[in-house]
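FYI, it's all coordinate maths here, none of it is from the lab. Small disclaimer: the values here were computed from a predicted structure and weren't measured. Methodologically, a virtual Cβ is constructed for each residue, glycine included, from the backbone with ideal geometry; neighbour enumeration extends over all protein chains shown.
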Amino acid sequence: MFRQDINDYIISFLMSEGIKHEIHEFPSGCKMIDIWHNKEFYCVQIEEGFVGFSHIKTVADGFDTNPDFKFTDLETFKIHFEKALAQTT
């Protein structure tokens, strides 16, 4: 249930704010959401039991399986997610 709740929240938030994003779904049920907002790039990883959030600042940062932050609580993630996107406006 956690994955679906977090997915629904993220997509609803991004759509309501008109923020460009792309969703990648994997056979495991995990998702990766790429987000472009105010010339910044973010990546959200939705895994079993946690959601990861990364701010990709340079090409050298690259991609790996370890996000900058991991959250197991939807409410805590929402606070961090909204604050991070608000800081780039």
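Quick notes on this one:
- Within a straight-line Cα-Cα reach of under 21 Å, Lys83 can be paired with the following lysines, leaving aside sequence neighbours fewer than 8 residues apart in one chain: Lys20, Lys39, Lys57, Lys70.
- Dipole of the chain, positive direction: furthest Cα of Tyr42, Ile10, Ala86, with charges on the beta-carbon: Ala86
- This model, with +1 at the C-beta of Lys and Arg and -1 at the C-beta of Asp and Glu, gives the chain a dipole about its Cα centre of some 220 debye.
- The chain - percent relative contact order, Cα under 8 Å, separation 6 or more: 22
- Shape category assigned to the chain from the gyration tensor of Cα positions, a/c cut at 1.5: rounded
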